[in-house]
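Worksheet: the structure to be examined is printed underneath.
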There are 2 protein chains.
Amino acid sequence: MDILIVEDNKELAGLLCDFLRRENYTVSVAETGEKALSLYERYGARLIVLDIMLPGTDGFGVCKKIREESNVPIIIVSAKTAKEDKLCGLDLGADDYIEKPYDIDIMMAKISGIFKRRYAVDEMADGDIRINKVSRTVYKNGVPLEMTAKEFDLLLLLAENKGRTLSKEYLFGQVWGSDSFSEQQTLTVHIKWLRQKIEDDPKNPKRILTVWGVGYKYESV
Amino acid sequence: MDILIVEDNKELAGLLCDFLRRENYTVSVAETGEKALSLYERYGARLIVLDIMLPGTDGFGVCKKIREESNVPIIIVSAKTAKEDKLCGLDLGADDYIEKPYDIDIMMAKISGIFKRRYAVDEMADGDIRINKVSRTVYKNGVPLEMTAKEFDLLLLLAENKGRTLSKEYLFGQVWGSDSFSEQQTLTVHIKWLRQKIEDDPKNPKRILTVWGVGYKYESV
DNA sequence: TAAGGCTGTGACAGAGTTATAATATCATAC
DNA sequence: GTATGATATTATAACTCTGTCACAGCCTTA
């Protein structure tokens, strides 16, 4: 499981849950401290969003318990805004202390940031293609593809501009870092190699499309 | 170096610096983005406290540059309180975004928390490899491996950035503490020695992988 | 439909990068 | 001062990447 939300306000929990699932995280919700601990015991989590005011064991207690055995990132969320409460939460080992009500975009950004840094995931996905910028690996249906430096740069540039036609001059300038564009062929050859690696049928490219007389564009399958 | 403060307001920087030194952190202050980057390149840091409004390259630029090659914790501190600025900072990979003026106790708690979670971990484990930072020993399937200082530093750096491709320049800068990078070969030779110790089959490395034209990365088996 | 320009393909060689082994230098402890 | 181990350097080998070319095939336009 990716994220465990500990929150007794069902509406709030549901909202965050929806946003997270939309970003493809797997999420569970616990409404009491006890449930949170047992869920964490059984299934673990890669991040915990923890409310302080809970029936039964409160958030501080949950935080303390979890920290006894794990460094899993914990974001405390609370309507308690007193400095003492924040210090208490931080001392107990929470990674962050966010005041209620919070902005959902900020929360999402913090969560995604923790995942990126902690689990080294900075990926863009498009259909069965997944491009991991941090490790510079490309996956197709989960299978890693060996990419050379130039191939990776070229693919990333195209994929980040999905649907947009990029001129050959532009592509060359960005990837080769030069405006000379001496050899037109160089680019077409690299495009060919790229297609051989990521297209199902390199002869009939579906992802990296030629735009005649202009350049190339990346499209979803 | 433990903490790099990037802040052009000398008074503010001095204050934080004093508090931190009282807690026995080693601290440096950079007053511009450029200085920050060159200091980080040369000496590294275990945490960066980064102001946004700086003369020259602003904090966002510094953050971006650093994130291109490192997961070092970054706390952004700024008088800019707009949601967009916060999102921008978080998107660039900052661990936290603290508004100015901030409470020094909260800041100290956050810093100490980051150090505890991130560095006060005596051991890190990854599959059958266990790295003990205190004794500077590496275990493979419980069997201790003799590591030289350089080998250990290199392995730890790679392992702490698991999944992230680290450039040769960065690796050299961090382990050899120099930006000269005079001798490319030095690094490759040490990589080879490392592989001989921790890879099952040093000829077919599965943990320390070459990223052609870029550098190396550590991956779980 | 034919011509001309644009793109795709396969092969190859050279450039550049990395791996390896051997040797030299340095620091440290004895 | 010597022995030892760690580290740096060097030379060479092995390998991968990249750019180039020639030619084939395709698209567009007249």
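Derivation of every value follows stated rules applied to the coordinates shown; laboratory data play no part. Everything numeric in this text was worked out from a predicted model, so none of it was measured. All Cβ positions, glycine included, derive from the backbone under ideal geometry; neighbour counts span all protein chains shown.
Miscellaneous remarks
- Distances, shortest first, from the label point of B:Asp18 to those at the same position in the other copies read 5.1 nm; the point lies 7 Å along Cα to C-beta.
- When Rg and the Kirkwood Rh are both derived from Cα coordinates, the Rg/Rh ratio for the protein assembly as shown amounts to 0.98.
- Cα lying deepest toward the dipole's positive end in region A:12-73, options A:Phe19, A:Met53, A:Val29, charges on Cβ: A:Phe19
- Mean sequence separation of contacting Cα pairs (under 8 Å, at least six apart), scaled by the length of region A:3-119, corresponds to a relative contact order of 22 percent.
- Entry for region A:117-179 at q = 0.13, 0.14, 0.17, 0.29 Å⁻¹: log10 I(q)/I(0) = -0.38, -0.44, -0.62, -1.26, Debye formula applied to identical alpha-carbon scatterers, no solvent contribution.
- Dipole in debye (nearest 20) - region A:98-147, about Cα centre, beta carbon charges: Lys, Arg +1; Asp, Glu -1: 220
- If R0 is 25 Å, the Cβ-Cβ spacing of A:Asn71 and B:Lys150 corresponds to a FRET efficiency of close to 0.35.
- Ignoring lysines fewer than eight residues from B:Lys35 along the same chain, the ones with Cα atoms less than 19 angstrom from its Cα are B:Lys10, B:Lys64, B:Lys65.
- Take B:Lys192, push a point 7 Å out from Cα through the beta-carbon direction, and compare it with the same point in every other copy: 3.6 nm, smallest first.
- Given B:Lys140/B:Lys162; B:Lys192/B:Lys217; A:Lys110/A:Lys162, the pairs whose alpha carbons are separated by over 19 Å: A:Lys110/A:Lys162
- Rh by Kirkwood over Cα pairs, then Stokes-Einstein D for chain A at 0.692 mPa s and 37 °C, µm²/s: 162
- Gyration tensor over alpha-carbon atoms, region B:123-218, equivalent ellipsoid semi-axes in Å: 21, 15, 12
- Here is the list for region B:74-116: chymotrypsin sites (Phe, Trp or Tyr not before Pro) lying in DSSP coil, each with at most 15 other C-beta atoms within 10 angstrom of its C-beta, are B:Tyr102.
- Kirkwood Rh in Å, taken over all unlike Cα pairs in region B:3-119: 14.0
- Ranked for footprinting exposure by Cβ neighbours inside 10 Å, fewest first, A:Ile98, B:Ile191 give A:Ile98, B:Ile191.
- Charge dipole (Cα centre; +1 on Lys/Arg Cβ, -1 on Asp/Glu Cβ; no other charges) of the protein assembly as shown amounts to roughly 1220 debye.
- A simple spin-label model places pseudo-atoms 7 Å from Cα toward Cβ; at B:Lys116 and B:Glu84 they are separated by 3.8 nm.
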